[in-house]
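The values are calculated or read from the model by the stated rules, or taken from the named source; none is laboratory data. Remember, it's a predicted structure, so these values are computed and weren't measured experimentally. When we count neighbours, we look across all protein chains shown, and the Cβ atoms used for this are built from the backbone with ideal geometry, even at glycine. Only protein heavy atoms, including side chains, enter the accessible area calculation; ligands, DNA and RNA are left aside. Shrake-Rupley method; radii C 1.70, N 1.55, O 1.52, S 1.80 Å.
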Amino acid sequence: MKHLFNKGSRWPGLITALFLALSLAGSFYSYLLYKNLRTDIEELLPESAPSVQDLKKSANRFSGMNHLEVVIETADSKAGERFQIDVAKRLKELPPDLVAQVKESIREERTFFDRNRGYYVDLADLEEVLATSKAKLKSETKKLFNLGLDDEEGDNSKKLGLPIKRLRKKYDAKGGTLDRFPDDYFQSNGGHTRVALAFLSGKVTDVGGNQRLSEAAGKIVRDLDPAKYAPDMKVGLGGDVQNVVEENRELVKDLVKSFIVVTILVTLVIWLFFGTLSCVGALSFSLFVGVTLTFGASYFLVGYLNANTAFLGSIVIGNGINFPIILLARYAELRRKSSDYSAAMATALADTWKPTLAAAGAAGVSYGSLALTDFRGFSQFGVIGAVGMTLCWISSYSALPAFVLLLERHGWMRVMGDDKRGLMAWIAPFAVKQHRALAIGTILLSFAALWGASHISRHTIESDLSKLRNKWSMEHGSGYWGKKTDLIFGRGLTPTILLTQNAGETARVLKELKEIQAREGENSPFASLSVIEDIYPANQARKFAILSELNKLLTPKVRSTLSPGEASLVKDFLPNPVPAPFGMKELPSALLKGYQETDGRVQTVIQVYPRLNPEGSTVEAHGTWNGEEVIRYTALLREAIRKSGVNAVILGQNPISADMLEAVEKDGPKATLFAFLAVALLVILLFPHLKQAAPILLSLLLGVLWMVGAIGIFKWRINFLNFIALPITFGIGVDYSVNIFGRLFRDRREGLRTDVVQVIRETGGAVVLCSLTTTIGYGSLLMSGSQAFVSFGRLAVTVEITCIAAALLSLPSLWLIFEQRQAKKLSRRAAG
């Protein structure tokens, strides 16, 4: 290292300029990387995930049913209706490439269904009614006609054998959705809550299209001015489209806020520690080079950021500054003792490169362990993190020395005088005086952590997906308004779509789905199953003939003799005159769209709506927020496809969420185990003697054990994001013990009579500063609106606290006890 430095020290200006040029190029590509921010959840999944494969197979086959909800609340029902009509009218005027259709009522559907209701009776039921009617008229010539189906009277229903209650229950259930809206408009709560729906043209995860539709709807609402309709009127936006917009918008806001906070706080603590702006400038330059090169390189390695990697800027800043801090702190320590800045830098490089390389390597392999997983939310995080640790270390030992020498040559570099009144001057003697109490506390805390860790199970994985959403969105935005829409419709508005290749395959899959639904009973996660035949009935010609014949049999005189129940049934299902059979193009467009592929095919789609939980429940038993139910729901869909023997695909958010949860459960432990083994191997390679490697690894294990214990004790949940903190814990945890014990072993190797207390006093400050900057990077996530990022920040900050406490307090206390015992053994041997 000294040899390389001596060569490079001749041209500090040239080296600085070279790194500055590389950083400017890196800044440009970092901008392109952050510009390509993809928040859709499928970007987190492995390419091999079934849901991702299904999306690829069905590309351009189905446009989906993703929508924007304009939700209206007011005590004035009539004012709400006027606003509902007006906002729908304005939405319908938007371009067709933005809005596929707009719905605020079921008037078109009700009119169509009422006119053609007879065609929606199953052919077998119509034939049964016809046969029974003929038999009755033939056998009872004295009576013109009497169906005798009035079960309440109980006279003739058994003789006729026509199950009027069964028929009424069966067909009323089919038309139940229409009955939810007596005046045809989408409303609940006596008309006090209403909604208008705008369906997006295109893919729901297209942020640009979602943004344009959301902005257009927002402008329409503002222009209409709800207060003009009713002073208490409140209007909000919900639905799939608004979910995408809000998650993306809030994520960008959190990124900016996090970057600003991290930059300010890291700069402040560095200035407080080193005391001079020249040191702050040197560290800032080194970090600027490392971070811009990291994200510039990531543009070529990954190409975009996803919901997991978006906050890596703050994390890389907090982690990556550790290496230059250790180097500059050692340089400042040597510089205070000597006026030869070149010699001081050469010695600082020689003294610190090995422990910082170990720390960078440990952090790098910890991040890199994530890159070995299939889950892209982990693997891309791991790639960028590993590159970041590598480039930040390289920058620390190339760009930083050159820049410091450049400042020294121009007389711009200053270091503070030695100050023994700092925090370490208090902690070091405290560790000596209280080392036995600290050792006992370490043992007790470890037993408590073991007890907490024993309570961790697969149920520790977060199953309430609403707790991963943006908190503002759930409390005030699309999540809040979406719950009101669910109450209006009694189910989610976006079904899961099963796509087959032909009508025969559709029938086979539907048969298996119905068998599963019957098997599961009330516990079935399927609220409803629907195919094109449910809205476009088959055998229309035969049904027309039967309906026409029934009309001839049931003359007006006969109808006048029917009981109220019989008359109601005939009126509902036997129009007079019978309308002619209708073609598919005559179906209401809102109904047809959900069953039609982009090429016009209509017999290849099955709609499956997941069951929602009853009103008032905090966690939906079968809804799309309950992760365990989402997994079960998806598994049953795939079971139906497997049993049917067809090659159908599944489209929808639920399969994606299910695959994500299962990928975390599968890849998380694998990445964690690899990270531990890789870090342990690296420490052993760099510190091959057991006496050196043991305390470093013990410190790491204590920090990790305490963190895992905290998860069990406080019942924290692990999710697709904060699971990342587990494997990278090993890279973080080993950093501080490596620098403390690495310094101790190096000094002793050089014949210096250094003890652990002196190391803490001289090196501990820089180590604490490293921990503080890393904590700031992770702590910035606690300000995020995303509950997933908050959980990650909380877990990562806990790791920092446990690992720095183990390295600065617990291990030194145990080491002192170990050395005292060794000294006693040597003394006894000498005396013996």
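Results, tabulated for the structure shown:
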{"quantity": "Low-density loop cleavage sites - chymotrypsin sites (Phe, Trp or Tyr not before Pro) in the stretch 638-720, where at most 15 other Cβ are within 10 Å (DSSP)", "calculated": "714"}
{"quantity": "In sequence order, calculated HN-Hα J values of the stretch 736-750 (Karplus, 6.51, -1.76, 1.60; Hz; x Gly/Pro)", "calculated": "6, 5, 4, 5, 6, 6, x, 5, 4, 5, 5, 4, 5, 5, 8"}
{"quantity": "Sites residue 673 and residue 450, calculated FRET efficiency, Cβ-Cβ separation with R0 22 Å, nearest 0.05", "calculated": "0.75"}
{"quantity": "Centre separation in Å (Cα based) which lies between the stretch 673-696 and the stretch 473-496", "calculated": "51"}
{"quantity": "Rounded if a/c under 1.5, otherwise prolate or oblate - the stretch 738-832, Cα gyration tensor axes", "calculated": "prolate"}
{"quantity": "As computed over the stretch 385-537, the Cα convex hull volume per residue (Å³)", "calculated": "360"}
{"quantity": "Unit charges at the beta carbon, dipole of the chain: most positive-side option, 737, 267, 827", "calculated": "827"}
{"quantity": "About the Cα centre, charge dipole magnitude for the stretch 448-510 (Lys/Arg +1, Asp/Glu -1 at Cβ), debye", "calculated": "80"}
{"quantity": "Cut-off under 5 Å, modelled amide H: who pairs with residue 100 long-range", "calculated": "199, 200, 201"}
{"quantity": "Sum of side-chain charges, residue 696 neighbourhood, beta-carbon under 14 Å (Lys, Arg +1; Asp, Glu -1)", "calculated": "+3"}
{"quantity": "Amide H contacts under 5 Å for residue 528, placed H, 5+ residues apart", "calculated": "609"}
{"quantity": "Net lengthening on full extension, residue 593/residue 831 (0.36 nm per residue, minus Cα-Cα)", "calculated": "76.2 nm"}
{"quantity": "DSSP-assigned coil residues among trypsin sites (Lys or Arg not before Pro) in the stretch 276-359, each with at most 16 further Cβ atoms within 10 Å", "calculated": "336, 337"}
{"quantity": "Segments 436-449, 753-766 sorted - mean Cβ within 10 Å per residue, highest first", "calculated": "753-766, 436-449"}
{"quantity": "Solvent accessible area, Å² - residue 299, 1.4 Å probe, full protein context", "calculated": "70"}
{"quantity": "Built amide H within the under 5 Å cut-off of residue 493, gap 5+", "calculated": "none"}
{"quantity": "Kirkwood hydrodynamic radius over Cα pairs of the stretch 11-139, then Stokes diffusion coefficient at 4 °C and 1.567 mPa s, in µm²/s", "calculated": "57"}
{"quantity": "The stretch 313-355, dipole about Cα centre (Lys/Arg Cβ +1, Asp/Glu Cβ -1), debye to the nearest 20", "calculated": "60"}
{"quantity": "Computed over the stretch 667-761, the ratio Rg/Rh where both radii use C-alpha atoms and Rh is Kirkwood", "calculated": "1.07"}
{"quantity": "Quotient of Cα Rg and 2.2 N^0.38 Å for the stretch 681-723, N being how many residues it contains", "calculated": "1.57"}
{"quantity": "Global geometry of the stretch 514-605, whether rounded, prolate or oblate, following the gyration tensor of its Cα atoms and the 1.5 cut on a/c", "calculated": "oblate"}
{"quantity": "Rg [Å, one decimal], Dmax [Å, integer] - the stretch 27-100, C-alpha atoms", "calculated": "19.8, 56"}
{"quantity": "Total formal charge among the other residues, if their Cβ is under 14 angstrom from that of residue 504, Lys/Arg +1 and Asp/Glu -1", "calculated": "0"}
{"quantity": "Distant alpha-carbon pairs in the chain (separation over 54 angstrom), percent", "calculated": "31"}
{"quantity": "Gained length - residue 300 relative to residue 127, 0.36 nm times residue gap less alpha-carbon distance", "calculated": "55.5 nm"}
{"quantity": "FRET efficiency estimate (nearest 0.05) - Cβ-Cβ, residue 60 to residue 520, R0 25 angstrom", "calculated": "0.15"}
{"quantity": "FRET efficiency for residue 571 and residue 534, using Cβ-Cβ distance with R0 set to 22 Å, rounded to 0.05", "calculated": "0.45"}
{"quantity": "Integer Hz, Karplus 6.51/-1.76/1.60 couplings in order for the stretch 230-241, x for Gly and Pro", "calculated": "7, x, 8, 5, 10, 10, x, 10, x, x, 4, 4"}
{"quantity": "Accessible area expressed per residue, the chain, with surrounding protein chains retained (probe 1.4 Å, Å²)", "calculated": "43"}
{"quantity": "Between the stretch 391-409 and the stretch 234-266, the alpha-carbon center distance in angstrom", "calculated": "36"}
{"quantity": "Between the stretch 86-113 and the stretch 714-744, the alpha-carbon center distance in angstrom", "calculated": "54"}
{"quantity": "Radius 12 Å from Cβ of residue 127, net charge of other residues (Lys, Arg +1; Asp, Glu -1)", "calculated": "-1"}
{"quantity": "Only Lys, Arg (+1) and Asp, Glu (-1) charged, at Cβ; the chain dipole about Cα centre in debye", "calculated": "2120"}
{"quantity": "Exceeding the 25 Å Cα-Cα cut-off - candidates 92/543; 511/593; 433/715; 57/483; 169/585", "calculated": "92/543; 433/715; 57/483; 169/585"}
